[in-house]
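Here, each number is a calculation from the coordinates, and none is a lab measurement. Model, not experiment: these values are computed from the prediction. Note that each Cβ is placed from the backbone with ideal geometry, even for glycine, and that neighbours are counted across all protein chains shown.
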Amino acid sequence: LKLFWQCKMIYTPAEDSYLLKSEVIKYAVGKKVLDIGSGSGIQAKAALLAGAKSVLAADISEEAISNLSKDGIRAVKSDLFSNVKGNFSLIIFNPPYLPYEKKEDYESSLATSGGEKGDELIIRFIEAAGEHLARRGIILIVLSSLTPKKRILECIRKHSMYYEVLSSKSLFMEELEVWKISPINLKPDFSH
């Protein structure tokens, strides 16, 4: 399945990108930000404009890294966190989250498919994210109603995290959601 994430094309911002961007603007202020799978750089640029303390963009695509660098964004070529060092108070990820579809054109599927079931890349991301999340850090991630969530939720719990849905948008064939994932010790206590 490794080939699913060797994407050559840069994902053009779409509804999911803009939904996530609206949350990035709210959460990036004063934060040390990591934008995983940065692509066009829409989230990295939004974080910078919102007043992030620093921004690092990471992407597996050589072309994306070149474009991000030309735009003045600090960028590193990385398969998820493979070449990322340090901890971040905000980690952003707009992953390929759809199940693999044989009918989809190959290049396009590299940018949209998160694996055979659609959750494999997201699980890999969550498995590794904790090592790069600052003590009180958070993750912002986009998911689709077409993404299977059972194993993702199990992975979040396994890593002593919880999630909440910050925003959503209904489209013709799916509903998109932006999730905030945080360490369990940051979960609000409403019992008082």
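Ranked by the mean number of other Cβ atoms within 10 Å per residue, highest first, peptides 124-133, 66-75, 51-60 order as 51-60, 124-133, 66-75. If the chain linking S168 and D71 were pulled fully straight, counting 0.36 nm for each residue of separation and taking away their Cα-Cα distance, it would gain 32.0 nm. The 3J(HN,Hα) values that the Karplus relation (6.51, -1.76, 1.60; θ = phi - 60°) gives for the range 14-24 are, in residue order, 9, 3, 5, 4, 6, 5, 5, 4, 4, 7, 4 Hz. Gly and Pro appear as x. Rounded to whole numbers, the Karplus 3J(HN,Hα) couplings from phi for the range 150-157 are 4, 5, 5, 5, 4, 5, 4, 4 Hz, using 6.51 cos²θ - 1.76 cosθ + 1.60 with θ = phi - 60°, and x at Gly and Pro.
Taking amide hydrogens as placed 1.01 Å from N in the peptide plane, the amide H of L171 sits under 5 Å from those of L176, each at least 5 positions away in sequence or on another chain.
Of the listed pairs K77/K180; K32/K158; K21/K180, which have alpha-carbon separations greater than 21 Å here? Violating the 21 Å Cα-Cα cut-off are K77/K180; K32/K158.
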